[in-house]
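Following: one structure in structure tokens, then a few remarks.
The values are calculated or read from the model by the stated rules, or taken from the named source; none is laboratory data. Here the structure is a predicted model, which is why all the values come from computation and not from measurement. Don't worry about glycine lacking a Cβ; one is built from the backbone with ideal geometry, like all the others, and counts go over all protein chains shown. The accessibility values were calculated without ligands, DNA or RNA, using every heavy atom of the protein model including side chains. Shrake-Rupley method; radii C 1.70, N 1.55, O 1.52, S 1.80 Å.
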Amino acid sequence: MKIKRIIAALICALLALSVFSGCSKKEAESTTDKTTPSETTSVKAEDFRITSYVVADGLREKGKLDTSHFSQITDVILFGCATFDEEGKVTLDDEFDTILANLKDAIGDSQEKKVYLNILGPSAQIDSDDWNKRMDDVGERHTKAFESGNLENNIKAVLDKYGFDGIFFDYEFPIKSKHWKAFSKFIVSLDSVLGDSYEIGAAVAGWDANFSDEAKKALDRIELMSYDLWDDDGTHASYEIAQDDINKLVEAGYDKAKIDLGVPFYARPTTQEAIWYNYSDYVDKIDDKGFAKDEGNNLIASFNTYDTVAKKTQLAIDSGLGGMMVWHYACDAPADNAKSLFNAMYNTVEAQKEAEVTE
């Protein structure tokens, strides 16, 4: 199936812009080395991950975030409250302690989960509508940070102080080969500093995952951003796109057990405008194909439905992946809604567990 790929808009310049991140660019320079797929560890359903990004804005006020899905997820990536600059200095949100305390309160003492910190790097500082020029600027600024010699220990200091299980990077996008090389070298260096005490994860797009072989080994988790991509009929983040993205990473030599298949708990217009819709706001307006009318803009929003998420979860299991990833937690309807997307994911994994027990 021919897939149209476009860039949604770089959104991760911290929280002030938006909590949704685009993940594609047709014109980007491809530097992926075709390697023999790496050996992979078999993942049992009982070890299958359900990982969700939780955006810091929803945690600034205690009790604001719906907590009904925390019992269904295994891993949390805290997003939007930590950054690093070109000198490798790490800066935490002024309300970081409150945000983290509210997250721990939302999880509760009875639930054991891994909690990771996502850290964002420098954003583009040039005034240009040219996406490639902005990405080149981002790449140069990240490379300075990666080569500063300071970032590794500064990250470790934060992890040590707050007790996170590891660090995650959303570097969108290193396009040029030299920027990927710098990122890869940094990941290997960071791994040597963190050792076995912490895990390292990175979010990647299927069309732009160009880590070196050494970095692939150093990484513990790969969050596959299989969204902000459209089929010819305007369907956003289709099942077929997920299949294609998984195949790309496996063919590039990534360990399947490290990969979490990312699914969007939000919609995009079929016409690909830079507009995002929370699933919870449209849950009762979505048809069987995942389409809902945006009356205000006279657009059709394309969602992943309960059935689509369940089918993708089974795809990840059957493909030998380590889990699923959600962008992002607050977009879903509460767990008592039969159409909840977390329910679709969780119920599919539970059914797989029962099937494995009876085999």
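Could you look at segment 216-314 and say what percent of its accessible area is carbon and sulfur, using a 1.4 Å probe and all protein chains? C and S fraction of accessible area: 42 percent.
For segment 85-189, averaging the sequence separation of C-alpha pairs within contact (under 8 Å, six or more residues apart) and dividing by the residue count gives a relative contact order of 39 percent. Residue pairs exceeding 19 angstrom between C-alpha atoms, taken from K217/K353; K289/K312; K104/K256: K217/K353; K104/K256. Using Cβ point charges alone (K and R +1, D and E -1), the dipole size of the chain about the Cα centre works out to roughly 440 debye. Shape of the chain from its Cα gyration tensor (a ≥ b ≥ c, root eigenvalues): rounded if a/c is under 1.5, otherwise prolate when a/b > b/c, or oblate? It comes out rounded by the Cα gyration axes.
Normalising the average separation of contacting C-alpha pairs (under 8 angstrom, six or more residues apart) by the number of residues puts the relative contact order of segment 243-349 at 33 percent.
Largest first, the three principal axis extents of the alpha carbons in segment 75-222 are 47, 34, 29 Å in whole numbers. Probing with 1.4 Å while keeping every protein chain in the model, the per residue accessible area of segment 123-168 equals 49 Å².
When the Cα gyration tensor is reduced to axis lengths a ≥ b ≥ c, the ratio a/c is 1.5 or higher for segment 252-359, and with a/b above b/c it is classed as prolate. The packing ranking, built from the mean of other Cβ atoms within 10 Å per residue, places the peptides 190-196, 225-231, 70-76, 203-209 in the order 225-231, 203-209, 70-76, 190-196, highest first. Within segment 169-213, the proportion of Cα pairs with more than 16 Å between them is 37 percent.
Could you grab the relative contact order for segment 233-304? Cα pairs under 8 Å, six or more apart, rounded to a whole percent. Reported as a whole number, the value is 35 percent. Could you tell me which of rounded, prolate or oblate describes segment 276-330, using a ≥ b ≥ c as the square roots of the eigenvalues of the alpha-carbon gyration tensor, with rounded for a/c under 1.5 and, failing that, prolate when a/b is larger than b/c and oblate otherwise? Judged from the Cα gyration tensor, segment 276-330 comes out prolate (a/c at least 1.5, a/b above b/c). The distance linking segment 245-302 with segment 66-141 is 21 Å (Cα centroid to Cα centroid, whole angstrom).
Helix-derived [θ] at 222 nm for the chain: sum -39500 (n - 2.57) over DSSP H runs of at least 4, divide by residue count, nearest 500? Don't jump to the answer; show the numbers that get you there.
Values: 9 runs with 112 residues, N = 359.
Calculated from helices alone, the mean residue ellipticity at 222 nm is -10000 deg cm²/dmol.
Here K133 is the anchor, and the aspartates and glutamates within straight C-alpha reach of less than 20 Å, apart from those fewer than 8 places off in the same chain, are E27, E29, D85, E86, D170, E172, D208.
Taken about its Cα centre, segment 203-359 carries a charge dipole of about 220 debye when Lys and Arg each add +1 at the Cβ and Asp and Glu each add -1 at the Cβ.
Of the peptides 253-265, 154-166, the ranking by mean beta-carbon count within 10 Å, highest at the top, reads 253-265, 154-166.
What is the packing order of peptides 127-137, 99-109, taking the mean over residues of other C-beta atoms within 10 Å and listing the highest first?
Top to bottom by mean Cβ count within 10 Å: 99-109, 127-137.
Per residue, the accessible area of segment 230-315 comes to 39 Å² when a 1.4 Å probe rolls over the protein heavy atoms.
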